[in-house]
1. Among the residues of region 395-405, are any hydrophobic (A, V, I, L, M, F, W, C) and closer than 21 Å to Thr252 by Cβ?
2. So which residues in region 475-505 are surrounded by 18 or more Cβ atoms within 10 Å (Cβ to Cβ), modelled with pLDDT of 95 or more and assigned to a loop (DSSP other than H, G, I, E, B), if there are any at all?
3. Sort out which residues of region 44-92 are basic (Lys, Arg) and part of a loop (DSSP other than H, G, I, E, B), and write them in order of number.
4. Of the residues that sit in region 245-293 and are in a strand (DSSP E or B) and hydrophobic (A, V, I, L, M, F, W, C), which one is surrounded by the most Cβ atoms within 10 Å (Cβ to Cβ)?
5. State yes or no: is Phe215 out of contact with any Asp or Glu (no Cβ under 7 Å at 6 or more places or on another chain), buried (at least 18 other Cβ atoms within 10 Å of the Cβ) and not assigned by TED's automatic domain parsing to the domain that holds Ile121?
6. Can you tell which of Ala341, Ala317 is surrounded by fewer than 18 Cβ atoms within 10 Å (Cβ to Cβ), under 21 Å from the mean Cα position of the chain (by Cα), aliphatic (A, V, I, L, M) and over 23 Å from Glu82 (Cα atoms)?
7. Could you please find all residues in region 390-429 being part of a loop (DSSP other than H, G, I, E, B) and basic (Lys, Arg)?
8. Looking at region 126-135, which of the residues that are surrounded by fewer than 17 Cβ atoms within 10 Å (Cβ to Cβ) and of a type in the set (A, V, I, L, M, F, W, C) is nearest to Ile334 (Cα to Cα)?
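The values are calculated or read from the model by the stated rules, or taken from the named source; none is laboratory data. Owing to the predicted nature of the structure, the values given are computational and were not obtained by experimental measurement. Positions of Cβ are backbone-derived with ideal geometry, glycine not excepted, and every protein chain shown enters the neighbour counts.
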Amino acid sequence: MPIRKRVPLLFAVAIALATAAGAPAQTYLDLKDQIQEFTLDNGVHFIVLQKHDVPVFSFRTFVNVGSADEVRGVTGLSHILEHMAFKGTSEIGTTDLSKELKLMAAEDEAFAALKRARGAIEAPLARYELLVARIPADRAEAYRPLEGLLKDPTAEVTMQSADGGPAKVTVARADTEAAKVEEFTLGAEETAAVAWYLAELRSLRADLVAAEEAFAAAKDAARELVVTNEFGKIVENHGGNGLNAYTSSDVTVYHYNMPSNRLEMWAYLEGSRMADPVLREFYTEKDGPVTEERRMRTDNNPIGRMIEQFQNLMFMANGYHHSTIGYMSDIETISRADCQAYYDKHYVGSNMVVTVVGDVKVADVRKYAEKYFKDIPRGKPEPVETREPEQLGEKRFVMKDPSQPLFVAGYHIDNVRHPDWPVYEVIADVLGQGRTSRLYKRLVKEEQIAVQAMTFPGFPGQKYETGLLVFALPVKGKTAVDMEEAIYAEIDRMVADGITAEELEGVKQRARANFVRGLQGNAGMASQLAWYQTLMGDWRELFNEVERLEAVTLDDVKRVAARVFRPANRTVAVIETEDS
């Protein structure tokens, strides 16, 4: 399932603007009054909005855990666990649970043995590579064929060394036609490398190969009892659509749409996978789709590689330091036990918000929630207490790559609950959101040095101290640095002069339009209610944004712009194009 980063569209602000601009106030009040909520004994919070225009409903399950909650060694685990939530339960996804659990246990043991084998070979291999590096350059190429033979587990290698003379190595290996013997005469450096390999490394490499084969066999055996994608097929067979999920730095979200006469089936499916997930196909999934997603979005994507390192550089302390996909070394070494422990800690009642919007009755939602969500365990994870310290000087990262150039600048700002958050939204909108923004006008229309220029707050999340991002893509023949001066000039102008009353009113009008579009479907409302309940602590903050926006003045924009747009508060990353 995809990873997404949510950039708020000021839906709540737009409610206020709609009413202030002459829309009937009763409409806004009716919407707020129609929303009902209840909390189960285990802490799962439900928010329900009845809309009976069409016989369907949408839901969102927000789990208040994202990559910012991860620690070193398990980065990417929130995303992996999201994938696991589609693998079924004790009743869904298997032909024989008892036998499957035994095979999964054997699979876990095989993975543990593989990790031990990898750990055992690491130091001896490093020593061997150091010895190989000492071989003189004029003899290094000649050593490669022998090195390849050393790695052949079927080859018989013997070495004879006379005091003060060169060593002789004989390699006998089975050929398709006849036994083949090769001899090599070695210098002192090659002798040291071969001696170390034979004494310390060869048996460890054989152990590693055996462990890899045993793990592959265990994975295959554990999959024999899996009913592939049974959860998704049940949803589809009962008329559901849009089955998906996403992981961000802040939250993990599950969603799909269902016919209203399948409410109980939905409650059974969603409650079961939250309370009773079976982490089947764990290693197959993380070594397959998850790893491929890492390669596609980051390792094989120049912009992805640059953004990951930019994020690492910009955030030094809080959980936004690493990307949601996680580091490859962590993905490779995370175990099912790690995932289970992470689930046990974070997938608890107090950490979940479920919103249901559409053709349902609150009484029915409560009845089925109490029946099917009651087994989700209680719990209250400790909050993340590490705060991002003030940045004391500009940070800069230059990546040379044969790809399109790119300019990115990030400025530290407060989280979404801070009183100045609406001001950040206004600044971002005026500076770089849409074709009427200042950066687009200057860089794209007037100077024609960029094909795109944008600004948005909330990179990579909104829960903790975060970033306001400015980025631009230059036109052909221009570099990232070519745009930097123009971008800073527009920022300095905003710091010195603020924005105009017309620009502030334009922000309000665009927010109003965004809100209208957001109300056109059940899914949008379900997302908004769950997001505000999870990140702001109360879904009613969706409507309280009225006062927050109305409190923003032109002086506030100047004040906040001066505080944020300081060079010492800035992290810059650029891609410089070089020939491949």
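1. So the first thing to find is which residues in region 395-405 are hydrophobic (A, V, I, L, M, F, W, C), and the list is 397-399.
Keeping just the survivors that are closer than 21 Å to Thr252 by Cβ gives none.
Within region 395-405, none of the residues are hydrophobic (A, V, I, L, M, F, W, C) and closer than 21 Å to Thr252 by Cβ.
2. Gly498, Ile499
3. Lys51, Arg72, Lys87
4. Met258
5. No; evaluated as a whole, the condition is false for this residue.
6. Exactly one of Ala341, Ala317 is surrounded by fewer than 18 Cβ atoms within 10 Å (Cβ to Cβ), under 21 Å from the mean Cα position of the chain (by Cα), aliphatic (A, V, I, L, M) and over 23 Å from Glu82 (Cα atoms), namely Ala317.
7. Answer for region 390-429, where residues must be part of a loop (DSSP other than H, G, I, E, B) and basic (Lys, Arg): just Arg417.
8. The first filter runs over region 126-135 and keeps only residues surrounded by fewer than 17 Cβ atoms within 10 Å (Cβ to Cβ), leaving 126-127, 129-130, 133-134.
Subsequent filtering for residues that are of a type in the set (A, V, I, L, M, F, W, C) retains 126, 130, 133.
On the way: Ala126: 23, Leu130: 29, Ala133: 32 Å.
In this case the residue turns out to be Ala126.
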